[in-house]
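Below is one structure, written out as structure tokens; the observations come after it.
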Amino acid sequence: MLETLSERLGKVLRYLRGEVKITEENMQQALKEIRMSLLEADVNFKVVKKFIESVRSQAAGRDVHESLNPTQQVIKIVQAELTAMLGSENRELNRSPLKPTVIMLAGLQGSGKTTTAGKLALLLKGQDKSSLLCSFDLKRLAAGEQLEAVARDSGIHYFKDDSADLAERARRLRKAALDTGYDYVIADTAGRLHIDGELMAELRRVKEVLQPTETVFVADALTGQDAVNSTQAFAETVGVDSIILTKLDADARGGAALSIVSVTGRPIKFIGTGEKPGDLQPFHPGRLASKILGMGDMLTLIEKAQKDFDEKQAEALSRRMLENEFGLDDFLAQLKQMEKLGPMDEVMAMMPNLGFKGSLAGLQMDPKRLRHLMAVIESMTRKERENPRIIDGRRRLRISRGSGRPVSEVNQVLKSYQEMKKSFKKPFFRKMLKKFDNFSKIR
């Protein structure tokens, strides 16, 4: 996700960290590189211009130059501006004071509207909210059958109606939702391969009869500025309240994500991060900004792990991290949890200062390799896990034989553990952990 942009910006930040102090000359060079990074990521040029001007004016301020660590101040400014560019804060779906809340999904064909409808319903189901799916696409063959299949696969109820009259279909849908007490109605609508007058007229009619609480535009992140332009066109013609950005997991550049909020003025509320039914997440601008700058996304990682973690265990772990008591047994427990979290490259990308370039990622973290790592730690004695400093060459050889893994892999596990422990001392990481010190407040 946004890997190319993250790599380019990472080089700029490393360049700044190598400077003794911030000067007009090295700041100018850094801003030039940041500008090129954003433009190559297909970010709207007006958005880039505004971003660079804002960072330049703040970096030239007295507080930065008189700071004990001006480089950190500049990085903090860049992070804050990236967050602002992405929308500043997480926004929840609008709620109707009376049930049901009607959500209308709009977008071009191929953006993933139909699968997103199922993903959104499943996400709401996880929040103990019931949803009723319905198709208002009267043009595409088997559009209703496709949505019905998506609903069935996710265990979501589907409203089937053969009426070709939009007003009649909307009336029956509302009655069914009211009679059964659904919290949400999620309506899928027609799309086209391009914007045309017929599509817009049909969507306006659907919106008129549905009277949705919120109209959500589903945009394909991989189309870059085309996603921004189509969102703007829909917003001006049909009316759009918010955005769901799909396929962000496959977007290495990030042009759509970094432009769409500034250009359209509409917030991104959810992002699609994969093809599975559960691969839809609430969008947190600050977390994505941190991830782009190589600071990881521990908040999302912890929330993801929360589904499988025992709450008391999670609280204890976060406190142990804060108190710098994170041991190899904790590391082993984390590796076991990682087996449940999905592809290891995604998990590693959420870890601060590791990401795709980190030591664990370098071990090609497939499930088989993960079990090898756990075997190394399990081959250690209780005393060695409690105090890894005593693991000398002789002990490493014994651990290697016991786990059936090469000594180089034993060394890699110990090195990775030490790097993780060091990262827990860093200010931004401790700040994030403190937010999760009491897990019961997160839900």
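The values are calculated or read from the model by the stated rules, or taken from the named source; none is laboratory data. Computed from a predicted model, the values in this text were never measured in an experiment. Neighbour counts run over all protein chains shown; Cβ positions are idealised from the backbone, glycine included. The area values use the complete protein model at the heavy-atom level, side chains included, leaving out ligands, DNA and RNA. Shrake-Rupley method; radii C 1.70, N 1.55, O 1.52, S 1.80 Å.
What net charge is computed for the residues neighbouring Val55, neighbours being all others with C-beta under 13 Å from the C-beta of Val55, Lys and Arg scored +1, Asp and Glu -1?
Numbers: positive: Lys32, Arg35, Lys49, Lys50, Arg56, Lys76; negative: Glu33, Glu53, Glu81.
Result for the local shell: +3.
Students often forget the sequence filter, so: which aspartates and glutamates lie under 17 Å Cα-Cα from Lys291 once same-chain residues fewer than 8 apart are removed?
Leaving aside aspartates and glutamates fewer than 8 places away in the same chain, those within reach of Lys291 are Glu3, Glu7, Glu81, Glu89, Asp249, Asp251, Glu303, Asp345, Glu346.
Distance cut-off 31 Å, Cα to Cα: go down the list Lys336/Lys383; Lys11/Lys119; Lys11/Lys276 and report the pairs above it.
Lys11/Lys119; Lys11/Lys276
Under a Cβ-Cβ cut-off of 10 Å, what is the net charge of the residues other than Gly87 that fall near it, where Lys and Arg count +1 and Asp and Glu count -1?
On the way: positive: Arg91, Arg266, Lys269; negative: Glu89.
Neighbour charge sum, excluding Gly87 itself: +2.
Where Rh denotes the Kirkwood radius from the mean inverse Cα pair distance, what is Rg over Rh for segment 1-149?
1.17
Quick one: if you take sqrt(5λ) for each eigenvalue of the C-alpha gyration tensor of segment 106-218, what semi-axes come out, biggest first, whole angstrom?
Values: eigenvalues 88, 53, 33 Å².
For segment 106-218, the ellipsoid semi-axes come out as 21, 16, 13 Å.
Roughly speaking, what is the stretch gain from Arg14 to Arg320, that is 0.36 nm per residue apart minus the C-alpha to C-alpha distance, in nm to one decimal?
Answer, rounded to one decimal: 107.2 nm.
If I stretch the segment between Ala149 and Glu24 completely, what's the gain in nm (0.36 nm per residue apart, minus their alpha carbon distance), one decimal?
Details: separation 125, 0.36 × 125 = 45.00 nm, distance 5.94 nm.
So the extension gain works out to 39.1 nm.
In segment 89-215, carbon and sulfur make up what percent of the accessible area (probe 1.4 Å)?
On the way: 3030 of 6150 Å².
Of all accessible area on segment 89-215, carbon and sulfur atoms account for 49 percent.
Ranked highest first by the average count of other Cβ atoms within 10 Å around their residues, in what order do 245-256, 3-14 fall?
On the way: 245-256: 22.8, 3-14: 17.1.
For the peptides 245-256, 3-14, the packing ranking is 245-256, 3-14.
How much accessible area per residue does segment 1-113 have, in Å², with a 1.4 Å probe?
On a per-residue basis, segment 1-113 sits at 56 Å².
Please give me the summed charge of the neighbours of Leu108: other residues whose Cβ is under 11 Å from its Cβ, Lys and Arg +1, Asp and Glu -1.
Numbers: positive: Lys113, Arg192; negative: Asp196, Asp220, Asp226.
In short, -1.
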